[in-house]
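In what follows, a single structure is set out as structure tokens and then discussed.
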Amino acid sequence: MNSMSMAQVASSKESVSQANQEYLLQGSIIASAVEHLIHRLRGLCDNVENVPETFHDLEVCMSMRQPNQVPLQVRVRRALGTRDLPFQLRYIGQPELDRSRPTLVRSSIDVGCTSTVLEFLTELGCRVDFEYVSQGFLFRKGRMKITVAKIFKIIPGKQNDSEPVCNSYLVELSVLAPNGQDAIGDEMRIFAEQLKPLVHLEKIDYKRLGNIP
Amino acid sequence: MANMEKLNATLNAVKSLRSSVRQCFEQLADGTAAEQTEDNRTKFLVEFQENYSHINQQLREVETLINGLQPSLVSSYLGNTTYLAQEITQDRQAMYSQLVNSYKWIDKVHEHSLLAFNNLNLNNLRRSYTYCSQKRGRVQYTSCNNPDPEFIDNLFYNDISHTNTIYEVCRQFSSNAVVFATISHVLKAAIICKGVLIEWVTVKGYDEPMEIDDLWTESRYEVFRKVQEHTHSAMLHFFSPTQPELAVKSFMTWLNSYSKLFLEPCKRCGKYVSNGLPPTWRDLRTLEPFHEECKNC
Amino acid sequence: MGVTVLQPYQIPEGKTGAQAIDFLTKRLLALGAVHTGQFLVDCETYISAPQHGPSKAVHVLHDSEYPVTTFSILDTGTGKQIPLVADNLFDLLMLKMTSVYTSKKQTKIESKGARFEYGDFLIKLGSVTMMENFKGILIEIEYRPCVVLFYCWEMIREVLQSFLGVTVAKEYPGYFTSQPVVNAMGQQQLHAKQHDIYEPIDTINQYLEHFTNYRKQNIMPQVSSQSSNMSMNTGMRVS
């Protein structure tokens, strides 16, 4: 940092990481079978020797109405139980319509930020759509991220006492990559094959699910 | 050797002569039996004559043996018995001057060892734990240096307390403690102890990480690198093997004067900044702040 | 990261901005400071479209001292400011809101120049330009080992005086003496910041404060733009 040239200074803004496409496959597994999936994933993924990484996060989904456009959707995620970690602000774009691709592809911007983000977004004009707690396990395989998590509803007024949405775990396989790296889609397909028949990871078409904005 | 045997034989002859003489006198002393008969008297006389001739014979024997002896040329070693013949009167001997001399020497040795002890105590660079002098009063020193863990805990949590300073004792490395001191919002210091003696001090800024796994990296700021140098010289200054507890206490009092590191101008030049640094030195007794280049003027 | 004080420099009469910077650079080097490259702080302001209620402004700032961070300050228009410190990807997110928040390009303002180190001090001589027009000189001085202004203000003041050649008031700079904060009851209070632990956002707040002042000045400082080497394209419009 000491010997920073003007060129570096100028480029600091442009050097924004371009890994802004999210490739995503999703599925679910019933709670009674989740142990088998965890064992399978521990064998397949990078961090074999360690106990699987766990997480317990609160995610708040917000949107901002924009004239003549689909609302801007952002999510704020924070780890429950630890105070020191930064909050994560995430923008997720509309999924691409291309049916030939093996995975769902959507633009995504992940930003680490300070805890003032919720107040900032509210004052900016965002409204809370819904919020939930996600608790489960995280695995890594190269640049692929696999999460196995149970989703809990937030009961208003009872932050610590939430009730599960259903008796299943949500399984997600995702990669953040720069635009145009389509080979990663096939890589993910191959990995998803290895988890069959425990879980079928698929490209979910949100349009067909109906009432989601 | 032959001489020795002869001497032995002569001594034996003397011994038997003495015993015969003794026997003869015993007989004479006993006298005759109770009844003064002629028989008894003659018997007594006969016995005496026998004894007497026997003595004469033995005496001759001794004389011949003695004549056969030659005075030995080499003096034979007689052990301590030689002293039996010594003169014991004090005036006749040369002992006095020798005694006075050795007394003077012992006195000198005593004096020198005392000076050496004081000198070694003054010289704080001496960190060795083996001490030659083992006077009675110093036994507590060795015991202080291997204290039970609670001793240090107690020292830092109860005995030593300074406002604005937080102490935390870690015992990662067996029984030796590492004490983390956070002084106000100014600096953090890790004090590494061996027993009650301070072995090392690391000083870092308030915003720098200070972890048990990383006690040796220097601060990224020049000012704290300088302060660390000064803490080392102070650590050696306060070092006192005979009273380690007091040494730690005085050192901590001194270290705490850094709570005003940025706040006080130099006592000598009156300025805050010199060569880009605040007054990093604190006087060891008065705790007054000085710039490094001002302290020796 | 340490305490930073930002101070506008009054350019002496009859001197251009470039001459003043030159003068200060010489003073600093004579003091024993070492030149260690360049720096840049920029600020862009996004204003909400009028149909979305009362006008709000988002000031987005970048500081080359924190190259992967974007600082944003949301001004609600009701006297409340909410800071957000985020990864620099936040810039892309601002671009997603263009239909609501639009950038006021003509107020894009920056301070850039040389960076010096003197002991643990970090001194930056910044020429402030808005739309390539020279607006003035901002001097940033940071004492990195210290986190509370109260402790090191006298040190900072002494160093400032030693190269500015003028006396600096003994009082703490304005930013530290009276900052409006909202207390637990939701009321606004004035809070003296000189005893607080300093954070990078405090530097950014000071820059925003001074940038806002420069933007308000419609007239140029006493130096005319023609005589200043700092303004290259004098033909461009002046806000």
query: In the stretch B:208-252, which GluC sites (Glu not before Pro) are in a loop and have at most 15 other Cβ atoms within 10 Å, using DSSP for the loop call?
result: B:GLU218
task: Let me have the relative contact order for chain B, percent, based on Cα pairs under 8 Å that are six or more residues apart.
output: 10
- prompt: Separation between the B:GLN243 and C:LYS108 pseudo-spin-labels, each 7 Å from Cα along Cα→Cβ, expressed in nm?
  reply: 7.1
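Filter the trypsin sites (Lys or Arg not before Pro) in the stretch C:15-53 down to the DSSP loop ones having no more than 16 other Cβ atoms within 10 Å, then list what survives.
Answer by residue number: C:LYS15.
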- request: Assign one of three labels to the protein assembly as shown, namely rounded, prolate or oblate, based on the Cα gyration tensor with a ≥ b ≥ c the square roots of its eigenvalues; rounded applies when a/c is under 1.5, prolate when it is not and a/b is larger than b/c, and oblate otherwise.
  value: prolate
- prompt: For chain B, the longest stretch holding no chymotrypsin sites (Phe, Trp or Tyr not before Pro) located in a DSSP loop with at most 16 other Cβ atoms within 10 Å is which?
  reply: B:132-215
Relative contact order computed over the stretch A:20-203 (Cα-Cα under 8 Å; 6+ residues apart), in percent: 33
- request: Please work out the C-alpha center-to-center distance from the stretch A:49-97 to the stretch B:24-46 and express it in whole Å.
  value: 144
message: With +1 on the Cβ of every Lys and Arg and -1 on the Cβ of every Asp and Glu, and nothing else charged, how large is the dipole of the stretch B:149-263 about its Cα centre, in debye rounded to the nearest 20?
response: 320
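May I ask which of B:LYS194/B:LYS260; A:LYS145/C:LYS104; C:LYS112/C:LYS170 have a Cα-Cα span longer than 32 Å here?
Where the Cα-Cα span goes over 32 Å, the pairs concerned are A:LYS145/C:LYS104.
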- line: Taking every other residue with Cβ under 9 Å from the Cβ of C:TYR175 and scoring Lys and Arg +1, Asp and Glu -1, one gets -1
message: Taking the beta-carbon count within 10 Å as an exposure proxy, list B:CYS294, A:CYS166 from fewest neighbours to most.
response: A:CYS166, B:CYS294
query: In deg cm²/dmol and to the nearest 500, what is the mean residue ellipticity at 222 nm of the protein assembly as shown if only DSSP H runs of at least 4 residues count, each as -39500 (n - 2.57), divided by the residue total?
result: -10000 deg cm²/dmol
task: Mind telling me which of B:GLU50, B:GLU199, B:GLU150 comes out most flexible in a GNM of chain B, alpha-carbon contacts under 10 Å?
output: B:GLU50
- prompt: Nearest 20 debye, what's the magnitude of the dipole of chain B about its Cα centre given +1 on Lys and Arg Cβ and -1 on Asp and Glu Cβ?
  reply: 1240
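By count of other Cβ within 10 Å, fewest leading, how are C:GLU154, C:GLU13, C:GLU132 ordered? Show your work: numbers first, answer last.
Values: C:GLU154 18, C:GLU13 7, C:GLU132 15.
The order, fewest Cβ neighbours first, is C:GLU13, C:GLU132, C:GLU154.
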- prompt: What does the charge dipole of the protein assembly as shown about its Cα centre add up to, to the nearest 20 debye, if the Cβ of each Lys and Arg holds +1 and the Cβ of each Asp and Glu holds -1?
  reply: 2320
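Counting alpha carbon pairs within less than 8 Å and at least 6 residues apart, what relative contact order, in whole percent, applies to the stretch B:149-263?
On the way: 165 pairs, mean separation 23.3, N = 115.
In percent, rounded to a whole number, it is 20.
Coordinate-derived values only; no laboratory data. Here the structure is a predicted model, which means the values were calculated and not measured. With ideal geometry, Cβ positions are generated from the backbone for all residues, glycine too; neighbour counts draw on all protein chains shown.
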